1. Name the most mobile residue of B:PHE159, B:PHE209, B:PHE182, meaning the one with the largest mean-square fluctuation, in a Gaussian network model of chain B with Cα contacts below 10 Å.
2. Sort out the exposed loop GluC sites (Glu not before Pro) in chain B (DSSP loop, at most 14 other Cβ within 10 Å) and tell me the longest stretch that has none.
3. If you take all C-alpha pairs in the stretch B:144-270, what percent of them are over 22 Å apart?
4. So which cysteines of chain B have no other cysteine's Cβ under 4.7 Å from theirs?
5. For the stretch A:3-202, with only Lys/Arg (+1) and Asp/Glu (-1) charged at the beta-carbon, what is the dipole magnitude about the Cα centre, in debye rounded to 20?
6. Based on the alpha-carbon gyration tensor of chain B and its eigenvalue square roots a ≥ b ≥ c, which shape applies: rounded if a/c is under 1.5, prolate if not and a/b is larger than b/c, or oblate?
7. Quick query: amide H of B:SER185 versus all other amide H atoms, modeled in the peptide plane; which residues come in under 5 Å with a sequence gap of 5 or more or a different chain?
8. Please give the Cα centre distance for the stretch A:1-32 versus the stretch A:152-177, rounded to the nearest Å.
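The values are calculated or read from the model by the stated rules, or taken from the named source; none is laboratory data. Treat the numbers as computed from the prediction; the structure is a model and nothing was measured. So basically every Cβ, Gly included, is an ideal-geometry build from the backbone, and we count neighbours across all protein chains shown. We work out accessible area using only protein heavy atoms, side chains counted, and drop any ligands, DNA or RNA first. Shrake-Rupley method; radii C 1.70, N 1.55, O 1.52, S 1.80 Å.
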Amino acid sequence: MSTRLTVPISEKDIRALHIGDQVLLSGVIFTGRDAAHKYMVETFIKGKCPSGERVLYDVLKAGLRGGVIYHCGPVVRKREDGEYQFVAAGPTTSIREEPYQGAVIEHFGLRGVIGKGGMSEKTLAACQKHGAVYLHAIGGAATLIAESVKQVVAVHKLDFGVPEAFWQIRVEDFPCVVTMDSHGQSLHEKIEADSKRKLAALLGQ
Amino acid sequence: MPDITERVVELIKSASTDLSPDVEQALLAAKTAEAAGSAAEGALQTVLENVRMSRTTGRPICQDTGTPIFYVWNPEGVSQRELLKQIRAAVRIATERAYLRPNAVAALSGKNSGDNTGIDFPTVHFEEWGHDYIQVGLLLKGGGSENCGAQYSIPSPEFEASRDLKGVRKAVLDAAHKAQGFGCSPGVLGVGVGGDRVTSMLKAKEQLFRPLADTNASPELDALEKQLQREINELGIGPMGFGGKTTVLGVKIGELHRVPASFFVSIAYMCWADRRKVMTIKEGNVALLAAR
């Protein structure tokens, strides 16, 4: 029942998705939450990218074109062989990135954003205009999602702290649901409106 | 004076990594009820797989291990100050062993204490009882679901409702609608009716310790609990807010006396990762219970 997607994702594959569709995502993606989004917008999109930040900018530009950002502050363990391992990696609430997300989608050519709780009009408009979707992960499923992280490729900006750094990770069959598509539809708006009508009926209004 | 530190570490591990059977059964029933191939069914499938994995690997079910809320019942003559010290020590050990994520941050600076202890953190409620053994209940309550809690003062200009069962029903339905899937549905609603702003919410949280399949001692509240569970599920919000048949696994209501001027209805939202366990410690023998 699920659509399999692999990064980098084409615009055609994204346009074929609709709200309610289940997706199994594979490939190399990046985690990024509050500090990462603020940094991308201030340093690269509004700012002039100082020379010290150029290396990371190139990594992000290459990795995010057709790519995916995951709103997640993981629990990470350093193994005895020095490699990092994801221990718990559930989604965090996405709406905090609403001020930044549309600009990041446009600038880097993102095809997907994974998180929890959905986002608002600016992001929905950017998804429609640039061909991207919002993918809802299963809140609380921290162990299962950590198991789908097969490799930590690299970590950038670890000085932001473990939860806030950019973790470049290879995932396999990461389960999510399209709740905002590239056709202007939001499952969150639809469910809110439907349940509001049913509530009014129950209360006899 | 007994030392229950290691026992409490076990209790924390059990609550964090081993979901209670009644909750798991309810999630399984909810999955079976959803349409085959739907996003709701898929979400519950993922949730159930995650529950099994956490139990096998001894890892937290959810990375947000929340606020540890303890309820302690002690026999006469056992020092609550000593028990509090032991519980705080147990929380530090459980954090070191990664059963808990360091979750205590200073309210204003945001600085993380690193070991889950801080000002009134963890929360510990004490009550002396007539038995000769200690009982400790623990609720791990994540932030996402706590943010979906609500309190209604009835009636108020913002919320017109009557001071009776009808008014309680309206408040709980309203809170469930506002919560949508944001509290990681399907969850459990604890409801406190009466009291003041503090005791009303405390009563709501205490309801979360009740087994999902129990019966309320008050026939009229029992009827309302079952009616509300059915009606909230009719809203169609579903698992994670994806749409579907199960939005709550249960509604539990407790009543307490109030002053004539006030009528509070408080709602505590607990996510599907309904982490609550109770332990009895009797002469070194330990029993772990799913609920009380």
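1. Maximum among the listed residues: B:PHE159.
2. B:161-282
3. Of all Cα-Cα distances in the stretch B:144-270, 27 percent exceed 22 Å.
4. B:CYS62, B:CYS148
5. Approximately 260 debye in magnitude.
6. Values: a/c = 1.66, a/b = 1.23, b/c = 1.35.
Here chain B falls in the oblate category.
7. B:MET240, B:GLY241
8. After rounding, the separation between the Cα centres reads 17 Å.
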